[in-house]
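Have a look at the structure below before the remarks.
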Amino acid sequence: MVNGFPPGDPSAVPTIEQLLRRYAEALTPWAEATAARMLADVNRRDEAAWMAQAQDMSRALRLEIRTAPTGATMQALMAEQVGLIKSIPLEAAERVHRLTIEGLEDSTRASEISKAIQASGDVAKSRADLIARTEVARTASTLTEARAMHVGSTHYIWHTSEDSDVRESHRRMDGKVVAWSDPPTIDKMTGHAGQFPNCRCWAEPIIPED
């Protein structure tokens, strides 16, 4: 959409913004269907992982895990993910507007800014990739938290993926016991294992004994 207009042309900005904002609204049904499919898939995998580790649990506890009320959590996650998907064209519209204003204010950088405007599609794709990677892990972590707290878990053990790509700040969390009620703040962001951008860490719930 952006590349269909003359790069850096101020007169085209209102039309570009309007098209991108309309596109964001048109995305709603697709975003809802896509988010629902992802949530259902992650939910199945999370439940299967719980059941695979539930051999040593009592029958009553296994039943509690299987019947944990995750509906409200799923609805909240879906609303957040639809919002994130729709934010991609909205952020592109804001970016075009900002870059165009910068071009008007600084004519010496106009050619650079024009190139930056034309690169909006690549920026949007990078943003979409980040959302996809982050939201799958965040969804799994949030569902694990909901099921764990339902059966009386108050804490979990933080685990990393134990490879060279693990951030140093997350490596320092490896093996630490964390309260569900007190998510840590790491790199100026607050959340549990798996809930940070590009985070592949995971939470091992500490389940109370019968």
Exercise. Karplus couplings for the stretch 38-47 from phi (6.51 cos²θ - 1.76 cosθ + 1.60, θ = phi - 60°), rounded to Hz, Gly and Pro as x?
Worked result: 5, 4, 5, 5, 5, 4, 4, 5, 5, 5
Exercise. On a 0 to 90 degree scale, rounded to 10, what angle separates helix 71-105 from the longest Cα axis of the chain?
Worked result: 20
For this session: Tell me which residues come under 5 Å, amide H to amide H, from Ile186 once H is placed; ignore anything under 5 positions away on its chain.
Result: Gly191
Problem set entry | Local electrostatic count, Glu25, Cβ distance below 14 Å [Lys/Arg +1, Asp/Glu -1] | +1
For this session: Name the residue farthest towards the positive end of the dipole of the chain from the options Ser87, Ile206, Gln75, assuming +1 on Cβ of Lys and Arg, -1 on Cβ of Asp and Glu, about the Cα centre.
Result: Gln75
Problem set entry | Rounded to the nearest 20 debye, dipole of the chain from Cβ charges on Lys, Arg, Asp, Glu | 300
Exercise. Relative to the first principal axis of the alpha-carbon coordinates of the chain, what is the inclination of helix 13-26, with its axis defined by its Cα atoms, in degrees from 0 to 90 and to the nearest 10?
Worked result: 30
Seminar exercise, completed: Convex hull around the C-alpha positions of the stretch 153-210: the volume in Å³ per residue is 71
Exercise. In degrees between 0 and 90, to the nearest 10, how far off the longest principal axis of the chain does helix 120-150 point, with axes built from Cα atoms?
Worked result: 20
Problem set entry | Hydrodynamic radius by Kirkwood, which averages 1/r over all alpha carbon pairs of the chain, in angstrom | 19.7
Exercise. Magnitude of the Cβ-charge dipole of the stretch 153-210, K/R +1 and D/E -1, about the Cα centre, nearest 20 debye?
Worked result: 300
For this session: List the residues whose amide H sits under 5 Å from the amide H of Trp180, counting only those 5 or more places along or on another chain, with H placed 1.01 Å from N in the peptide plane.
Result: His155, Tyr156
Exercise. Taking other Cβ within 10 Å of each residue's Cβ, how do Trp30, Trp50, Trp180 sort, fewest first?
Worked result: Trp30, Trp180, Trp50
Seminar exercise, completed: Only helices counted: for the chain, with every DSSP H run of 4 or more residues adding -39500 (n - 2.57) and the sum spread over all residues, [θ] at 222 nm is -20500 deg cm²/dmol
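The numbers here are math on the coordinates, done by the rules we state, and not lab data. None of these values were measured; they are calculated from a predicted model. Reconstructed Cβ throughout: ideal geometry from the backbone, glycine too, with neighbour counts over all protein chains shown.
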